[in-house]
1. For segment 17-57, build the convex hull from the C-alpha positions and give me its volume per residue in Å³.
2. If you plug each phi of segment 20-26 into the Karplus form 6.51 cos²θ - 1.76 cosθ + 1.60 with θ = phi - 60°, what whole-Hz ³J(HN,Hα) values come out, in order, with x for Gly and Pro?
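Read the figures in this text as sums done on the coordinates, not as results from a lab. In this text the structure is predicted, and so the values were computed from the model without any measurement.
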Amino acid sequence: MQLISFITEPRVVICVLHALRAYVHNEIIRIHPYSDGNGRLARLVMNMLLSLKGKNLFWPSSRGYTEIVKESIAKDDDLILAKFVENNCLAHD
């Protein structure tokens, strides 16, 4: 019962959703389905997933984004990207 209470807490649900979005984004980058535009596609999918929850996403600089994605993939840690998005890319109301 404690586990169900924990995983349904709003802060835990939000954390899991950020991690899931980052995972989907990084999988598109890892798979690299196109010769060009994979980053744009990954950001578009992440934007779409966030918009389903009524959130707006903006990317403050492509340089910061690129460095974070490379680090996240190199370390096989999607939470690096999730934290970057949470701290730098979500438009707060």
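1. Details: hull volume 2.1 nm³, N = 41.
Here the figure is 51 Å³ per residue.
2. Going residue by residue, I get 5, 4, 5, 4, 4, 4, 5 Hz, with x marking Gly and Pro.
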